[in-house]
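Novice: Structure below; questions to follow.
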Amino acid sequence: MLKELNGTSINGNGVHQNGHGHAHDSGDAMGVENRKEVRHQAIESAVRDILHNVGENPDRDGLLGTPNRVARAYDQLLGGYTVDPVKLINGAMFDVEYDEMVVVKDIEFFSMCEHHMLPFQGRAHVAYLPGKQVVGLSKIPRMVDMFARRLQIQERMTHEIAELMDEMLSPRGVAVVVEASHMCAQMRGVEKEHAYMVTSAMLGEFKTDKAQRDEFYDHLRRQATFK
C-alpha cells in the first residue's frame with residue numbers, strides 16, 4: 001500500500017510521484033505552482049467544452065468564472081492524490097500499554113464516484129486492536145479524507161483505509177465500515193432517494209474472531225451519551 005501510495009509511480013497524467021509526495025513532470029523542471037497552473041488551464045478548457053456541448057454559453061455572465069471555480073474546487077475535492085501518508089501521520093504513533101479496542105465512529109466524508117463523477121457522502125467507522133502502538137486521534141479521520149478525496153468506488157475506499165491502518169500501525173486487527181448515499185443512484189439511473197450502501201473490511205483478529213467483530217458492531221449501535 002505505502003509502496004503504491006508513497007513510492008515512485010506515474011499517474012494518469014504522466015506525472016512522476018516520488019517517495020516524498022512531490023510530483024515531477026516527466027522531463028520537466030517546472031515548479032509546483034507552474035504545474036498547478038497548467039492543470040487548472042487544462043481543467044478550465046475541459047469545463048468550457050462541457051458547457052458548450054450540453055447547450056450552454058460558457059461566455060454568459062453567470063458562467064464566465066465557472067471553469068476557474070471548478071478547477072479550484074477540484075484542488076480540494078480531489079486533493080487526496082497529493083497527500084503523503086507518511087507526512088499525514090507525522091510521527092503521531094505512540095508506545096502505549098493498551099490492548100483493548102479503539103473505535104472512531106461517525107467520520108463524515110464526501111467523495112466523488114469514479115463512474116459518473118457525481119458525489120457520494122456518508123460516514124466511516126474505524127476500529128483497531130493495538131499492537132505495540134496507538135495513533136493520534138485526528139489521524140484516522142485524515143486517513144479517511146485522503147482516500148475519500150479521490151475519484152472512488154466505496155468498496156475500494158473501504159479496503160484502502162483498512163490496509164493503510166494495518167500497514168502503518170501493525171495492529172492485531174482493523175475493522176472499517178462505511179455507510180454512504182450516492183447521487184448517481186439518486187439523481188439518475190434507478191433514482192432511489194433513500195437507498196444507501198454499506199461496505200466493510202475486516203483484517204487480523206476482526207476477521208478471525210467473531211467476538212471482536214460483535215463488540216465492534218455493538219459499538220456502532222450505541223448512541224453516544226455525551227451528545
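Novice: What are the pairs, 6+ residues apart or on separate chains, where a residue within the range 68-82 that is without any contact (Cβ under 8 Å) to a residue 60 or more places away in the chain has its Cβ under 7 Å from a residue that is surrounded by 14 or more Cβ atoms within 10 Å (Cβ to Cβ) and among the β-branched types (V, I, T)?
Specialist: What qualifies is V70/I43; V70/V47; A71/I43; Y74/I43.
Novice: What are the residue pairs meeting all of these: first residue in the range 33-54, first residue modelled with pLDDT of 90 or more, second residue surrounded by 12 or more Cβ atoms within 10 Å (Cβ to Cβ) and not in a helix (DSSP H, G or I), Cβ atoms under 8 Å, and 6 or more apart or on different chains?
Specialist: V38/M30; R39/N13; V47/P58; R48/P58; L51/P58; H52/P58
Novice: Consider the range 91-101. How many of its residues are in contact (Cβ under 8 Å) with a residue 40 or more places away in the chain and at positive phi?
Specialist: Counting residues in the range 91-101 that are in contact (Cβ under 8 Å) with a residue 40 or more places away in the chain and at positive phi gives 0.
Novice: So, one more: Answer with yes or no whether G21 is on the phi > 0 side of the Ramachandran plot, surrounded by 14 or more Cβ atoms within 10 Å (Cβ to Cβ) and either modelled with pLDDT under 95 or touching a helix residue (DSSP H, G or I) at 6+ places or on another chain (Cβ under 6 Å) (or both).
Specialist: Yes.
Novice: Run Y74 past the list (1) outside any strand (DSSP E or B); (2) among the aromatic types (F, W, Y); (3) not assigned by TED's automatic domain parsing to the domain that holds E44 and report the number of the one that doesn't hold.
Specialist: With (1) outside any strand (DSSP E or B); (2) among the aromatic types (F, W, Y); (3) not assigned by TED's automatic domain parsing to the domain that holds E44 applied to Y74, the lone miss is (3).
Novice: Additional query: For S170, state whether it is at positive phi, touching a residue at least 24 places away in the same chain (Cβ under 8 Å), out of contact with any His (no Cβ under 6 Å at 6 or more places or on another chain) and assigned by TED's automatic domain parsing to the domain that holds L118.
Specialist: So S170 passes the test.
Novice: Next question. With respect to D84, is the statement that it is modelled with pLDDT of 95 or more and within 17 Å of the chain's Cα centre (by Cα) true?
Specialist: Details: modelled with pLDDT of 95 or more: no; within 17 Å of the chain's Cα centre (by Cα): yes.
For D84, the condition - modelled with pLDDT of 95 or more and within 17 Å of the chain's Cα centre (by Cα) - is not met.
Novice: Against the definition (in the same structural domain as A92 (by TED's automatic domain parsing), buried (at least 18 other Cβ atoms within 10 Å of the Cβ) and touching a residue at least 24 places away in the same chain (Cβ under 8 Å)), how does M146 come out, yes or no?
Specialist: Spelling it out, M146 is indeed in the same structural domain as A92 (by TED's automatic domain parsing), buried (at least 18 other Cβ atoms within 10 Å of the Cβ) and touching a residue at least 24 places away in the same chain (Cβ under 8 Å).
Novice: Any residue in the range 198-221 that is under 26 Å from I153 (Cβ atoms) sitting within a Cβ distance under 6 Å of a residue that is among the polar types (S, T, N, Q) and in a helix (DSSP H, G or I)? List the pairs, counting only those 6 or more apart or interchain.
Specialist: T199/Q154; T199/T158; A201/T158; F206/Q212
The values are calculated or read from the model by the stated rules, or taken from the named source; none is laboratory data. These numbers were taken from a predicted model, which means no experiment stands behind them. Glycine gets a Cβ as well: all are built from the backbone with ideal geometry, and neighbour counts include every protein chain shown.
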